[in-house]
Amino acid sequence: MIIVSEDEDESDSSPLLFLRQPVHDSVLNINHDYRYLRMGYYVSAHAETYGVEVTPDCTEIMDAYRNPLLIEKARRYGLPTNGYRLVTKPKDDLSTPVMLLAVNPFTNNSMKIVKSGSKLPGMIKKMSMDSRFPVSLHPVRGEVLEIIQMFGESSNDETSEFARRFFEIFNIPICKLIVQIDDGNVILNHCEPALRKEVKWDIVHEKVHKIKQSI
Amino acid sequence: MKIACFVEAYNFDDKSERNALLKFKSTAESMGHLFEFIFKEDITRIPEYDALFIRATTDPSNSAYIVSRLAEQSGLKVIDDPRSIRTCSNKAILHDLFLKNNVPSPRSLLFTGDYSQENLDSIFKTLGCPVVIKTPYTRFSSHVEKAGNEKELIEISKKYLRKSKVLIIQEYVQSHFDWRVGILRNKVLYLCKYCIPEGGWKVKSKINGKNVWGDTIAVPRDSISPELENISISLSKCVGDGLYGLDVKETDDGYKVIEINDNPSIYDGYEDTIDTDIYEKIINALVS
Ligand SMILES: Nc1ncnc2c1ncn2[C@@H]1O[C@H](COP(=O)(O)OP(=O)(O)OP(=O)(O)O)[C@@H](O)[C@H]1O
Ligand SMILES: [Mg+2]
């Protein structure tokens, strides 16, 4: 297995070098950002072009990073969600407080929480870029939390079991998750790139070391 | 069978595109199927259908990708499927696919911003001059420019690198038209010449500040040369078994594939003028 990463000590190749060479071995692609059109995405795409196994693959990346796909997959595997509703323009029957997530190409730091109904139409208009892209709406029922998920470990103790299940289902080595804690339950709302500095690289390193030893 | 056709409002702006959509609908209905147009807000209704045909512009960043993936997961027959969208929408990925599969195509390099004199010299040495620079996500020729010297290459690439980590730089291949080979389920569906307008070098060219499209000349699909057919089918098989449009230049040095598109344009009075059964064949692919 080849480990491709810019940040991990045990990496065999940087993303840039990796892209310029044929691939014959399975690939572990470690990146804090797998967004479409970014290096993290291209590494997985390159591996797929060469028909080798890669973690994560492009389908998994897209399934995690596009909000409706994330929620549908979570539902299918029984990971708790509050459901979502897609809108492109303001509607009369929307209730607050509500979490808004942009379903556009620029989904990074896109989460907004609107508490007052009067502010909602303006925010939908803005986040949909004037109805060009849908916005995913989630009800807010609990405490909203951002956690960093690293190979099934969470940056926050309360959500460690949740992070483990998330990784099992979605196979994304590193990401930021937006969740709600409602009555002790962890509920999934969103997945987006982590910032490099938010990642606990020592945890990543330990995990990668274990994976390397097991093969 | 119930067929959903995913469209956006702009698909109805142009009369011949609108008419083609209506032809799809009437063809499906005459074959005994239900054919409904669905829009962004109907995404959650996808499981009600048996098949999905996407006519809105596809891209992994667009709603069309979400629709395609949700439909695939709900077990619908899907054109364009998610993998085809991911592959064809990105010219860096296509570049890689062409290399891996020895697809005859313009000599081509990935560029990530190495402006050392050594690299700049090597680009022109490898590709000749002028070169063509593209962003991975260009469509409708929006981010495709020609650079005739080092200064232009630096200017254009710096502009493009602001929005993309990688660019594609290619050998310039001169021609009067692009072959458009329409492929469905790895068979030739239609054949056209997309002509390049006088004074331009792209099918859609800016001439004296105005956008000009070249003519579309449909040609019987059976008249395709065996070599072009071979190249086209081998390539479409690398992508999937959906509906594709390949752009290929014919040169003294053989055919050169420019790209393979998912979601190829089908306009009433253009691609459909010779082989008029393309609507029926596509509906058939959706329901079988
Ligand atoms: N290497 C090349 N040499 C000469 N012409 C080229 C080259 N690459 C592309 N072109 C021409 O430029 C135009 C656009 O190219 P391309 O298909 O790569 O970009 P695009 O944004 O997908 O555009 P379109 O949607 O119009 O096909 C086409 O008419 C094509 O023939
Ligand atoms: Mg094109």
(request) Could you check how many residues of region B:75-116 are charged (D, E, K, R) and closer than 26 Å to B:Arg55 by Cα? (result) 6
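Within region B:252-281, count every residue that is within 16 Å of ligand 1 (Cβ to nearest atom) and away from every other protein chain (no Cβ under 14 Å). Don't jump to the end; show me each part of the working.
Kept after step one, since they are within 16 Å of ligand 1 (Cβ to nearest atom), are these residues of region B:252-281: B:252-267, B:270-271.
Now narrow it down to the ones that are away from every other protein chain (no Cβ under 14 Å): B:252-259, B:261-267, B:270-271.
The qualifying residues number 17.
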(request) Could you tell me which numbered condition B:Asn284 fails, if it satisfies all but one of (1) out of contact with any Asp or Glu (no Cβ under 9 Å at 6 or more places or on another chain); (2) away from ligand 1 (no atom under 16 Å from the Cβ); (3) over 18 Å from B:Ile3 (Cβ atoms)? (result) (3)
(message) If I ask for residues that are closer than 10 Å to B:Ile260 by Cα and among the small types (Gly, Ala, Ser), which ones from region B:225-243 would you list?
(response) B:Ser232, B:Ser236
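Can you go through A:Leu94, A:Leu79 and tell me which one is touching a helix residue (DSSP H, G or I) at 6+ places or on another chain (Cβ under 7 Å), assigned to a loop (DSSP other than H, G, I, E, B), more than 9 Å from chain B (Cβ to nearest Cβ) and surrounded by fewer than 19 Cβ atoms within 10 Å (Cβ to Cβ)? Spell out the reasoning first.
Numbers: A:Leu79 fails: surrounded by fewer than 19 Cβ atoms within 10 Å (Cβ to Cβ).
Going through A:Leu94, A:Leu79 in turn, just one is touching a helix residue (DSSP H, G or I) at 6+ places or on another chain (Cβ under 7 Å), assigned to a loop (DSSP other than H, G, I, E, B), more than 9 Å from chain B (Cβ to nearest Cβ) and surrounded by fewer than 19 Cβ atoms within 10 Å (Cβ to Cβ): A:Leu94.
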(message) Given the criteria modelled with pLDDT of 95 or more and crowded, with 23+ Cβ neighbours inside 10 Å, does B:Ile123 qualify?
(response) no
(message) Can you find a residue that is at negative phi, surrounded by 15 or more Cβ atoms within 10 Å (Cβ to Cβ) and assigned to a helix (DSSP H, G or I) anywhere in region A:135-148?
(response) no
(message) Looking at region B:137-153 only, could you name the residues that are surrounded by 15 or more Cβ atoms within 10 Å (Cβ to Cβ), more than 18 Å from B:Ser205 (Cβ to Cβ) and away from ligand 2 (no atom under 12 Å from the Cβ)?
(response) B:Glu150, B:Leu153
(request) Please name all residue pairs, on different chains or six or more residues apart, with Cβ atoms under 7 Å, provided the first residue is in region B:128-141 and is farther than 17 Å from A:Tyr41 by Cβ and in the same structural domain as B:Lys165 (by TED's automatic domain parsing) and the second residue is within 12 Å of ligand 2 (Cβ to nearest atom) and at pLDDT below 95. (result) B:Phe140/B:Lys204; B:Ser141/B:Lys204
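Would you confirm whether any residue within region A:123-134 is assigned to a strand (DSSP E or B), of a type outside the set (Gly, Ala, Ser) and either in contact (Cβ under 8 Å) with a residue 40 or more places away in the chain or in contact with a Gly (Cβ under 9 Å, 6 or more places away or on another chain) (or both)? Break it down stepwise before answering.
Step one: filter region A:123-134 for residues assigned to a strand (DSSP E or B), giving none.
No, region A:123-134 contains no residue that is assigned to a strand (DSSP E or B), of a type outside the set (Gly, Ala, Ser) and either in contact (Cβ under 8 Å) with a residue 40 or more places away in the chain or in contact with a Gly (Cβ under 9 Å, 6 or more places away or on another chain) (or both).
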(message) Against the conditions (1) within 27 Å of B:Ile168 (Cβ to Cβ); (2) out of contact with any Ser or Thr (no Cβ under 6 Å at 6 or more places or on another chain); (3) charged (D, E, K, R), where does B:Glu36 fall short? Just the number, please.
(response) (1)
(request) Inspect all residues belonging to region B:126-133 and state whether any of them is exposed (fewer than 15 other Cβ atoms within 10 Å of the Cβ) and either among the hydroxyl-bearing types (Ser, Thr, Tyr) or at pLDDT below 95 (or both). (result) yes
(message) Exactly one condition in (1) out of contact with any helix residue (DSSP H, G or I) (no Cβ under 7 Å at 6 or more places or on another chain); (2) hydroxyl-bearing (Ser, Thr, Tyr); (3) surrounded by 17 or more Cβ atoms within 10 Å (Cβ to Cβ); (4) within 14 Å of chain A (Cβ to nearest Cβ) is false for B:Tyr49; which is it?
(response) (4)
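Test A:Ile30 against the criterion of being in contact with a Pro (Cβ under 8 Å, 6 or more places away or on another chain), of a type in the set (A, V, I, L, M) and at pLDDT 95 or above, and give yes or no. Full working, then the answer.
On the way: in contact with a Pro (Cβ under 8 Å, 6 or more places away or on another chain): yes; of a type in the set (A, V, I, L, M): yes; at pLDDT 95 or above: yes.
Criteria met by A:Ile30.
I'd like the full set of residues that are assigned to a strand (DSSP E or B) and either farther than 30 Å from B:Thr126 by Cβ or within 12 Å of ligand 1 (Cβ to nearest atom) (or both), limited to region B:174-190. Explain how you work it out, then say what you get.
Step one: of region B:174-190, the residues assigned to a strand (DSSP E or B) are B:177-184, B:187-190.
Once the filter is applied, which keeps residues that are assigned to a strand (DSSP E or B) and either farther than 30 Å from B:Thr126 by Cβ or within 12 Å of ligand 1 (Cβ to nearest atom) (or both), region B:174-190 yields B:Phe177, B:Asp178, B:Trp179, B:Arg180, B:Gly182, B:Ile183, B:Leu184, B:Lys187, B:Val188, B:Leu189, B:Tyr190.
Residues B:Val287, B:Val239, B:Val257, B:Val248: which one is within 14 Å of B:Val181 (Cβ to Cβ), out of contact with any Phe, Trp or Tyr (no Cβ under 8 Å at 6 or more places or on another chain) and modelled with pLDDT of 95 or more? Please lay out each step first, then the result.
Details: B:Val287 fails: within 14 Å of B:Val181 (Cβ to Cβ); B:Val257 fails: out of contact with any Phe, Trp or Tyr (no Cβ under 8 Å at 6 or more places or on another chain); B:Val248 fails: out of contact with any Phe, Trp or Tyr (no Cβ under 8 Å at 6 or more places or on another chain).
Being within 14 Å of B:Val181 (Cβ to Cβ), out of contact with any Phe, Trp or Tyr (no Cβ under 8 Å at 6 or more places or on another chain) and modelled with pLDDT of 95 or more holds for just one of B:Val287, B:Val239, B:Val257, B:Val248, which is B:Val239.
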(message) If I filter region A:60-69 for residues that are more than 14 Å from the chain's Cα centre (by Cα) and either more than 17 Å from A:Glu146 (Cβ to Cβ) or at pLDDT 95 or above (or both), do I get at least one hit?
(response) no
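The values are calculated or read from the model by the stated rules, or taken from the named source; none is laboratory data. The structure displayed is predicted, hence computed values, not measured ones. Counting neighbours? That spans all protein chains shown, and the Cβs are built from the backbone with ideal geometry, glycine included.
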